[in-house]
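I have placed the structure first, in the form of structure tokens, so that the comments after it can refer back to it.
The values are calculated or read from the model by the stated rules, or taken from the named source; none is laboratory data. Being a predicted model, the structure only gives us computed values, none of them experimental. Please note: Cβ atoms are built from the backbone with ideal geometry, for glycine as well, and neighbour counts cover all protein chains shown.
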Amino acid sequence: MNDYENYMNDIFKLSPIERFVFGKRDKNTLSHYDNHLSNEYINKELKIIDKYKYTSDIELKYILEISKYSIDNKLYLLLFSSFENNITIFLDENDNLYPKNALFKKSRNKDFDILIKTSIERAKEGLKLKITYPKMIIKKYMNEIKKYNRFSFLYNFLKNHYYPFCRNEIGICYLKNGKDIYTNLLKENIGFLDISPVEIHKLGLNLLKDVKKNVKIELYKSRIEMFDDCLKYSTYIYNNILEKYFNYKPKKPFIIEEIDKNNEKYSPLAYYKPLEHKIFINLSYFNEISKNELYPLIMHECLHSFHFDYMKFYKIPKYKYYKYFNTALVEGFAFYMETYCENYDDNNNMSLLRKLRLVVDTGINYYGWTYKKAFDFMKSYIPNKNTDIKNEIERYICIPTQSLSYMIGKLHIIKLRDEYLKKGGDIKNFHHLLLIEGLASFKTIDNQFYSNS
């Protein structure tokens, strides 16, 4: 075994969640849940980090650097995110992903309750150190969990002892060493490319210079009409796009499902779930999404699904796609593939949104923009997207820099592609070299092309 595989085995001993995601279904995995906020867990994680600090594996060096920085700066004290709410996610996975075993479920629930009680103690620590999310995020989180009587003790703590003392400013730059934290999160989410927040902000402004504002768009008239097009586009992509650009095609078409109506209010427009291997569509957006942007959206989510199929088909070691960390490859590749839609128009609202993210995410979290400034800036480009704008700003606050991965990844992939094709390469072989190292950093992926040129 190499260092990374040994590291993963050490993580498996610590984390039932990691084991479950990796596909291990032993009794201990199915009946337990991590308390990753406990001192015991964090100290064990630090020992694992220290054990491999002299590794020569560049991908392991990156993940250790990310983990150590996060712990040293106590980023685990950023609790109760309304974007991808931890309670909602746990309850959904507990009911739908895990095997139907009453004893296992009871044990997991007990572990999760301990985690939530630990989070209250950590929240008190966060208040002392002034490490919290803004009040607007905590308020929304409270509204999301209010319906769960089981967690009334958490709701009451947040309402009476936590929310009143959280910060008003929305950017992570308002934390101690906030700009440095943002810069490190940026490296993590753009595949360790050497680009600064200042450069990204300027790039976004330049990309927006030629954008046409207030383009006339055609909206959907009903949920059914929108879902029918989702199915039509996904079928077309499976039947026509994959064979044209790749050496592999999955045996089965893509699985498209509606998001449950009860969860639509707190869900994005669309997303892919690797563990369920399904694409979920939020049909409540039918009167906001235009017909010319749905096709690229479905292409994006289908290529997420295809990406994981591709790695499994070529028997890439699991740790290379369950533990390697390059969000800019995952999201950048799916965004890049949108350009292969027939009659692709880069002025569609989905592409425009990714350009806006470069400016607004950095604006909020590096330059300290207010919510109003961020909202007004986005509104000037996408006036009919109030729900999208609110969800986007919430996302930038809760997971700073993640949204930047789409455009930065896409641009880097296009640069690699153009250089490769210019030297006489084939598009199918380009995609193979791009994906064959799993979700490795761009440094490793770049070396794939230099060594094959």
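Descriptive notes on the structure:
- Screening TRP369 with (1) in a helix (DSSP H, G or I); (2) farther than 25 Å from TYR340 by Cβ gives one miss only, at (1).
- From the options ILE393, ILE389, residue that is free of Cβ contacts under 8 Å to residues at least 24 places away in the same chain, among the β-branched types (Val, Ile, Thr) and closer than 18 Å to TYR271 by Cα: ILE389
- Of the residues contained in the range 354-376, one or more are found to be in contact with a Ser or Thr (Cβ under 6 Å, 6 or more places away or on another chain), at pLDDT 95 or above and surrounded by 21 or more Cβ atoms within 10 Å (Cβ to Cβ).
- Of all residues in the range 400-424 being more than 28 Å from ALA374 (Cβ to Cβ) and buried (at least 17 other Cβ atoms within 10 Å of the Cβ), the one that is farthest from the chain's Cα centre (by Cα): TYR420
- Filter result (in contact with a helix residue (DSSP H, G or I) (Cβ under 8 Å, 6 or more places away or on another chain), assigned to a loop (DSSP other than H, G, I, E, B) and within 30 Å of HIS412 (Cβ to Cβ)) within the range 140-198: ILE170, GLY171, LEU175, ILE190, GLY191, PHE192, LEU193, ILE195, SER196
- Among (1) touching a helix residue (DSSP H, G or I) at 6+ places or on another chain (Cβ under 7 Å); (2) over 24 Å from GLN402 (Cβ atoms); (3) of a type in the set (S, T, N, Q) - the single one ASN240 does not satisfy: (1)
- Residue match in the range 125-134 (condition: assigned by TED's automatic domain parsing to the domain that holds ASP26 and within 30 Å of ASP26 (Cα to Cα)): no
- Being part of a helix (DSSP H, G or I), more than 18 Å from the chain's Cα centre (by Cα) and buried (at least 16 other Cβ atoms within 10 Å of the Cβ) is true of TYR69.
- When the range 72-87 is limited to residues that are assigned to a helix (DSSP H, G or I) and out of contact with any Phe, Trp or Tyr (no Cβ under 7 Å at 6 or more places or on another chain), the one that is surrounded by the most Cβ atoms within 10 Å (Cβ to Cβ) turns out to be LEU77.
- Yes/no for ILE382 being in contact (Cβ under 8 Å) with a residue 12 or more places away in the chain and either in contact with a strand residue (DSSP E or B) (Cβ under 8 Å, 6 or more places away or on another chain) or not assigned by TED's automatic domain parsing to the domain that holds LYS209 (or both): no
- Flag if GLU218 is in the same structural domain as ASN447 (by TED's automatic domain parsing), within 27 Å of ASP95 (Cα to Cα) and either among the charged types (D, E, K, R) or within 20 Å of the chain's Cα centre (by Cα) (or both): no
- Hey, SER290 in contact (Cβ under 8 Å) with a residue 40 or more places away in the chain and either on the phi > 0 side of the Ramachandran plot or of a type in the set (S, T, N, Q) (or both) or not: yes
- Of the helices (runs of 4 or more DSSP H) entirely within the range 225-329, those holding at least 2 residues that are within 20 Å of the chain's Cα centre (by Cα), under 27 Å from ASN9 (Cα atoms) and modelled with pLDDT of 95 or more occupy 291-313.
- Considering ASP345, ASP361, the condition of being acidic (Asp, Glu), more than 20 Å from SER267 (Cβ to Cβ) and part of a helix (DSSP H, G or I) is satisfied by ASP361 alone.
- Filter pass, THR387 being surrounded by fewer than 23 Cβ atoms within 10 Å (Cβ to Cβ) and farther than 30 Å from LEU60 by Cβ: yes
- Within the range 126-135, restricting attention to residues that are assigned to a helix (DSSP H, G or I) and touching a helix residue (DSSP H, G or I) at 6+ places or on another chain (Cβ under 7 Å), the residue that is farthest from GLU264 (Cα to Cα) is LEU129.
- Residue among ILE413, ILE408, ILE397, ILE445 that alone is assigned to a helix (DSSP H, G or I) and in contact with a strand residue (DSSP E or B) (Cβ under 7 Å, 6 or more places away or on another chain): ILE397
- Residue count, the range 122-136 (criterion: closer than 19 Å to ASN73 by Cβ and in contact (Cβ under 8 Å) with a residue 60 or more places away in the chain): 3
- Only a single criterion out of (1) within 24 Å of GLU394 (Cα to Cα); (2) within 24 Å of the chain's Cα centre (by Cα); (3) without any contact (Cβ under 8 Å) to a residue 40 or more places away in the chain is not satisfied by PHE165, namely (2).
- Set side by side, the residues ASP3, ASP111 differ, and just one is surrounded by 14 or more Cβ atoms within 10 Å (Cβ to Cβ) and in contact with a His (Cβ under 6 Å, 6 or more places away or on another chain), which is ASP111.
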